[in-house]
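Everything on this sheet refers to the single structure shown next.
FYI, it's all coordinate maths here, none of it is from the lab. Predicted model, so just to flag it, every value in this text is computed and none were measured. Cβ sites come from the backbone with ideal geometry, for glycine too, and all protein chains shown count toward neighbours.
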Amino acid sequence: MARKPSSTEVPPVASQGTESVHNRLVVLRAERGLSRQELADALGVHYQTVGYLERGDYNPTIALALRIADYFELPVEAVFSLSPFTPMSTTIYGR
């Protein structure tokens with residue numbers, strides 16, 4: 001018999017019916033030679049938060065998304081999107 005979840009358990013983010021927010025954090029960090037820890041320190045968040053964002057396990061708050069965009073000196077829509085980004089190789093090489 002399956003165990004009934006208690007009312008205090010929090011379901012994983014993916015099952016909460018929220019839209020995934022896609023991002024370019026891995027690419028932006030790599031371009032600038034930043035570790036997750038360095039980016040986290042600059043943003044005032046835990047380094048695991050950066051990992052959760054990069055993997056799509058966590059959607060940023062509006063405030064965090066704006067801080068990230070500001071840090072990279074990019075418009076927020078260049079960093080985050082509700083639809084997947086076209087891979088850079090496709091954009092550059094047409095593949």
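How much length is gained on full extension from THR86 to ALA63, taking 0.36 nm per residue of separation minus their Cα-Cα distance? Please list the in-between numbers first.
Values: separation 23, 0.36 × 23 = 8.28 nm, distance 2.50 nm.
Using 0.36 nm per residue and subtracting the Cα-Cα distance, I get 5.8 nm.
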Open item on the list: What is the sum of charges, Lys and Arg at +1 and Asp and Glu at -1, for the other residues whose Cβ falls under 13 Å from the Cβ of VAL21?
Closed with: -2
Task: Hz values of 3J(HN,Hα) by residue in region 68-82 - Karplus curve (6.51, -1.76, 1.60), Gly and Pro given as x - done: 5, 4, 5, 4, 7, 6, 10, x, 4, 6, 7, 9, 10, 7, 7
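Give me the net charge for the shell around ARG36: Cβ to Cβ below 13 angstrom, other residues only, Lys and Arg +1, Asp and Glu -1. Spell out each step's value before the answer.
Values: positive: ARG29, ARG32, ARG55; negative: GLU38, ASP41, GLU54.
That works out to 0.
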